[in-house]
């Protein structure tokens, strides 16, 4: 793999930068019956691991994302599947035929393709592939009686020659569900499996024999290795198993098409970091119920690709939204990360998806926390992320303090769903723990606003902070969120803020640093001396309370400063640079 670098400390490798790309558009293909994409995708892996030369369009999104690559000055040439197969056939030692009667032999063949520099072919395409001049390398037909038989053989014969840093669950046949559109087999990511000599499987952890083999694979992998998904419908047990073995999940498989062309994207390195949106201090510290929106599932790289549909929604920038995202985009697709980072509005904030850099359950394996956070901290530093979500932890979980103290975070979002509770602090850390308070789905504006009004009526504490959880799969766009935001804006009980502003009122040590900057701005604006003296007194009190770890008392003082000085800094937004935080 002369064109692939995998430095120590990186979860995912770096490919070479492409000079030009042959673009093959497969959108007109019948992905259920015409399986000629299999030799193409596996050939893409063989070719691109030396130097990326092939880009495959599976959906309209692939064409849209390709524009970013073209803007980098990389030449693209439209060509046909047959032309690319003929041009690059020399990269393959031959073809491997899988057994369509034992569908999982497709995954075995995909694993073999990377090890033996061969492409994968469905039996009905043998004549076609030989017409392109390729010869048989291996025939898996009739070799295995069952799925587990095939994977056991692959474990003994292929796994020792695979890279153990990544493990790839992949569906080898179509997915059929009641009242849901039929999906073809996993197509995207097969180039990545071939290029990196990874082990592809579809082991079901609810089957005792398959679970035993799955555990063997996990045991053989190094700590901080990643699983790229799970067998359909087994998210929680799969993440739990990964956590037990000091591993985590980075979801890249499941949807047939979404995370395509990783062997191209991983080779285009650009400088980029997520920044904090500016703070409008005229909004803060008032006797209001503060509301902001939060979009889940950003740990899922498939969602990070799909998120562009929402990102280009005309209502983005009109709704304060915290967008969860994977820190691993800095490895997998830096150009896509840059697109989001450089086009964010003042209403957008980025949060690392669960549970840090990688999805795992800290409560399952507290002994892994420190080691995991060393890795996560490096990715947060590289990406500029200052917030993270944690799943699989209790409100008083033993890992929370390590997340709060070891990662230099401004806040921790806890849990997936709305939990009917409000932000709180651990005794020893100023980093706020922020659960979702209510959950909102498309078309439920009236019900959600009713809950917000009930909260404002029942809970008299001010300022009060309410995080509105939005599960992306429950929405087609941002219109419903905008409609709810409009209701909130018109009601004097509430104040809409971005997530950074939301956190500024909840993290006392960060609030102290912001207050110092606010005082500087206030002096420049000529704020009356008596108000400056009052704010300075509040600041001294806040600092003393922070020393005593009296977080709630410190926040009272910080929010007094915001309330006193904010109106004089009306509409002037600023942030605090990373080196000042």
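State whether one or more residues within region 235-255 are touching a strand residue (DSSP E or B) at 6+ places or on another chain (Cβ under 8 Å) and surrounded by fewer than 19 Cβ atoms within 10 Å (Cβ to Cβ).
No, region 235-255 contains no residue that is touching a strand residue (DSSP E or B) at 6+ places or on another chain (Cβ under 8 Å) and surrounded by fewer than 19 Cβ atoms within 10 Å (Cβ to Cβ).
Which is outside any helix (DSSP H, G or I), surrounded by 16 or more Cβ atoms within 10 Å (Cβ to Cβ) and touching a helix residue (DSSP H, G or I) at 6+ places or on another chain (Cβ under 8 Å), of 488, 468?
468
Among 115, 96, which is the only one that is in contact with a helix residue (DSSP H, G or I) (Cβ under 8 Å, 6 or more places away or on another chain), under 20 Å from residue 48 (Cα atoms), buried (at least 20 other Cβ atoms within 10 Å of the Cβ) and at pLDDT 95 or above?
Sole residue among the options that is in contact with a helix residue (DSSP H, G or I) (Cβ under 8 Å, 6 or more places away or on another chain), under 20 Å from residue 48 (Cα atoms), buried (at least 20 other Cβ atoms within 10 Å of the Cβ) and at pLDDT 95 or above: 96.
Scan region 140-163 for residues that are surrounded by 16 or more Cβ atoms within 10 Å (Cβ to Cβ) and not in a helix (DSSP H, G or I) and jot them down.
140, 144, 158, 162, 163 - these are the residues of region 140-163 that are surrounded by 16 or more Cβ atoms within 10 Å (Cβ to Cβ) and not in a helix (DSSP H, G or I).
Name the strands (runs of 3 or more DSSP E) wholly inside region 1-95 in which the number of residues that are within 21 Å of residue 193 (Cβ to Cβ) and either more than 28 Å from the chain's Cα centre (by Cα) or assigned by TED's automatic domain parsing to the domain that holds residue 133 (or both) is 3 or more.
Hits in region 1-95: 20-25, 54-57.
Kindly state which helices (runs of 4 or more DSSP H) lie completely within region 207-291 and contain at least 1 residues that are outside the structural domain of residue 360 (by TED's automatic domain parsing) and closer than 30 Å to residue 459 by Cα.
none
Do any helices (runs of 4 or more DSSP H) lying entirely in region 309-384 carry at least 1 residues that are within 22 Å of residue 471 (Cβ to Cβ), and which ones are they?
Where helices (runs of 4 or more DSSP H) fall fully within region 309-384 and carry at least 1 residues being within 22 Å of residue 471 (Cβ to Cβ), they are 329-332, 334-342.
Can you say whether residue 136 is touching a strand residue (DSSP E or B) at 6+ places or on another chain (Cβ under 7 Å), in the same structural domain as residue 228 (by TED's automatic domain parsing), farther than 16 Å from residue 35 by Cα and surrounded by fewer than 19 Cβ atoms within 10 Å (Cβ to Cβ), as far as the supplied structure shows?
yes
With the checklist (1) touching a helix residue (DSSP H, G or I) at 6+ places or on another chain (Cβ under 8 Å); (2) crowded, with 18+ Cβ neighbours inside 10 Å in hand, flag the one item residue 109 doesn't pass.
Against the list (1) touching a helix residue (DSSP H, G or I) at 6+ places or on another chain (Cβ under 8 Å); (2) crowded, with 18+ Cβ neighbours inside 10 Å, residue 109 comes up short only on (1).
Taking the criterion of being in contact (Cβ under 8 Å) with a residue 12 or more places away in the chain, assigned by TED's automatic domain parsing to the domain that holds residue 398, within 22 Å of residue 400 (Cβ to Cβ) and surrounded by fewer than 24 Cβ atoms within 10 Å (Cβ to Cβ), would at least one residue in region 298-313 satisfy it?
yes
Based on this model, can you work out whether residue 559 counts as more than 22 Å from residue 320 (Cβ to Cβ) and either at pLDDT below 95 or not in a loop (DSSP other than H, G, I, E, B) (or both)?
So residue 559 does not fit the description; no.
Here's a check for you: in region 510-542, which residue that is under 36 Å from the mean Cα position of the chain (by Cα) and surrounded by fewer than 18 Cβ atoms within 10 Å (Cβ to Cβ) is nearest to residue 401 (Cα to Cα)?
Applying the filter and picking the extreme gives 513.
Going residue by residue through region 547-554, is there one that turns out to be surrounded by fewer than 19 Cβ atoms within 10 Å (Cβ to Cβ), modelled with pLDDT of 95 or more, closer than 24 Å to residue 428 by Cβ and in contact with a helix residue (DSSP H, G or I) (Cβ under 8 Å, 6 or more places away or on another chain)?
Yes - at least one qualifying residue is present in region 547-554.
Among 389, 405, 446, 374, which is outside the structural domain of residue 244 (by TED's automatic domain parsing), over 30 Å from residue 314 (Cα atoms) and modelled with pLDDT of 95 or more?
Matching residue, one of 389, 405, 446, 374: 374.
Determine which single condition residue 477 fails, assuming it passes every other condition in (1) over 21 Å from residue 325 (Cα atoms); (2) assigned to a loop (DSSP other than H, G, I, E, B).
Every condition holds for residue 477 apart from (1).
The values are calculated or read from the model by the stated rules, or taken from the named source; none is laboratory data. These figures come from a predicted structure and were not determined experimentally. Virtual Cβ from ideal backbone geometry, glycine too; neighbours counted across all protein chains shown.
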